[in-house]
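Asker: Quick one: the structure is below, questions incoming.
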Amino acid sequence: MKNIVLATINARYTHSSAALRYLYANLQELQDLAIIQEYDISDNPQQIAEQILVLKPKLLCLGIYIWNALESFAVIEIVKKVYPEIFIILGGPEVSYQPFRVDFSRADYIIQGEGEIAFYNLAKELLNNNRPSNRIFSPQAVDLEQIKLPYAYYTEDDIKNRIIYVEASRGCAFNCEFCLSSIDKQVRYFNLDKVLAELDKLWQRGCRSFKFVDRTFNLDIKVTNRILDFFLNKPMPYFAHFEIIPEHFPEDFKQKIRLFPAKALQLEVGIQTLNPQVAQNIKRNLNMEKIEKNLVFLETRTNAHLHVDLIVGLPGQTIQSFADDLNKLVSIISSKIQLGVLKKLSGTTISRHDQIHGMVYSDLPPYDILKNDLISYEQIQKLKRMARFWEITYNSGNFSNSIKLLWPEGDVFKGFFGFCEWAYNQTQSTYQISLNRLAELLFMYIIKLQPRSDKEKTELANLMVDDILKRKLRKIPGFLREYASEIPIIKKSSYGI
């Protein structure tokens, strides 16, 4: 039995909630009364409610995000019907800004924004049988010097099996209208000595994978360099993930990035668009000369693995401008290019474009765009399918060489879009497609695209076999055995998407 249950529904089992651990770390004398419970969206809401209720809590705190809003709604409904006396307190980005587009009216209290101190104060009041009259609390941003860090509350199982999220700062210096991070324009830093000490403790406990959630990791290069030095002074293997500003690459930062060995560093680069007018529409200032120069540097002179983002559906964006962005990026980098879809999040100012650009969004999570004045609903749907096929073919790395045969003339968007149209007509799905089936679709389409001789089919099959064998423990699809000139013997296999 626990008086306080801190719970959330993660997008995947491998994810962990730093937010719950922050709340737990700052509960002071109430900490012994609390427990952290994490679930994922594959879990049944009734089973989640059952596992929470068996603890007989007086307070249930739920972290609400865009990916779990509907599942959390279902859990709240069950808990309140079965044990209406339990106080339900909500926090997280999905309830920090209005309007609420999922009905959370059954929740007793909502904390909007940073809740480390506010939740402790509210929990103490409720456990002392004092019920505040306000339902919604909007506390000021916490003093990062005054709150306790959460990293000691990652368990040994977390360190072994889950992504460990850490941060050195909060806030973002930019004004991108689609992003919640831009609301907090002041970047605030934690005490770096304390952060590094906690990271070292995680390291001593066996943690070798660190994902920093800072939105502008390389904004303050002095802070950045000290964190990079922390990892450079550690023996391999390890993995560190950072989100960086593509225009801000001082020379000392570039030199440190070059020192990291392969598979140690992953950099997320939020490009979103390369079109100056589209960027201006969403208040994103672009220095294209610096961006291109720095991407080339990362690609050619470092071992960093890149994740570069592009967004579909931005105001003023045409299909051709998106196509131009994709073609440009593929010509510069060979790493992952993540194709996202614009979402309208409460609290952002992207809504100012609704009438001007005819922006229409879904009212249900993830609130993605349905159409605008330049891209129809049917076209948006096709681009969404393209984003999914891009993820399971290009970004997966399963077809790193053969995928390029889809654009023999260099127009990546046109070539890949054509494949997606054809593949979807064959499958009527973009999910639960096995690697075997996906490879067959790619092979058959390339043959269809450019009729080939038996010798050329064999060369294509050999290329695909080589691609597949680069991914360890992959089984060669049966149809390739008919065409390939030589198939290595593999003792173990595991495949599927």
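The values are calculated or read from the model by the stated rules, or taken from the named source; none is laboratory data. Since this is a predicted model, take the numbers as computed values, not measurements. Cβ atoms come from the backbone with ideal geometry, glycine included; neighbour counts cover every protein chain shown.
Asker: Does ASP466 meet the test of being farther than 22 Å from ILE337 by Cα and touching a residue at least 40 places away in the same chain (Cβ under 8 Å)?
Answerer: Yes.
Asker: Related question: Suppose we keep only residues that are of a type in the set (Lys, Arg) and touching a helix residue (DSSP H, G or I) at 6+ places or on another chain (Cβ under 8 Å) within region 113-139. Which one would you say is nearest to LEU27 (Cα to Cα)?
Answerer: Taking the candidates together, the pick is LYS124.
Asker: Filter region 123-166 down to the residues that are touching a strand residue (DSSP E or B) at 6+ places or on another chain (Cβ under 7 Å) and of a type in the set (Val, Ile, Thr), then identify the one that is nearest to ALA11 (Cα to Cα).
Answerer: Within region 123-166, the match that is nearest to ALA11 (Cα to Cα) is ILE163.
Asker: Return the residues of region 139-154 that are farther than 11 Å from LEU202 by Cβ, surrounded by 14 or more Cβ atoms within 10 Å (Cβ to Cβ) and either without any contact (Cβ under 8 Å) to a residue 40 or more places away in the chain or among the aliphatic types (A, V, I, L, M) (or both); say none if nothing qualifies.
Answerer: Result: PRO139, VAL142, LEU144, ILE147.
Asker: Still on this structure: From the set of residues in region 6-34 that are farther than 13 Å from PRO150 by Cα and over 26 Å from the mean Cα position of the chain (by Cα), which is surrounded by the fewest Cβ atoms within 10 Å (Cβ to Cβ)?
Answerer: It comes out as GLU29.
Yes/no matrix, rows are residues, columns are (1) outside the structural domain of GLY340 (by TED's automatic domain parsing); (2) modelled with pLDDT under 95; (3) farther than 29 Å from LYS344 by Cα; (4) touching a Leu at 6+ places or on another chain (Cβ under 9 Å):
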| position | (1), (2), (3), (4) |
| --- | --- |
| LYS371 | no, no, no, no |
| LYS382 | yes, no, no, no |
| SER400 | yes, yes, yes, no |
| PRO408 | yes, yes, yes, yes |
| ASP411 | yes, no, yes, no |
| PHE417 | yes, no, no, yes |
| TYR424 | yes, no, no, no |
| TYR431 | yes, yes, no, no |
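Asker: Does region 368-387 contain any residue that is among the acidic types (Asp, Glu) and surrounded by fewer than 16 Cβ atoms within 10 Å (Cβ to Cβ)?
Answerer: yes
Asker: List, please: which pairs have Cβ atoms under 6 Å, are six or more places apart or on different chains, and start with a residue in region 170-199 that is under 15 Å from LEU345 (Cβ atoms) and end with one that is modelled with pLDDT under 90 and part of a helix (DSSP H, G or I)?
Answerer: From residues that are under 15 Å from LEU345 (Cβ atoms), the pairs are CYS172/SER181; CYS172/SER182; ASN175/SER182; CYS176/SER182.
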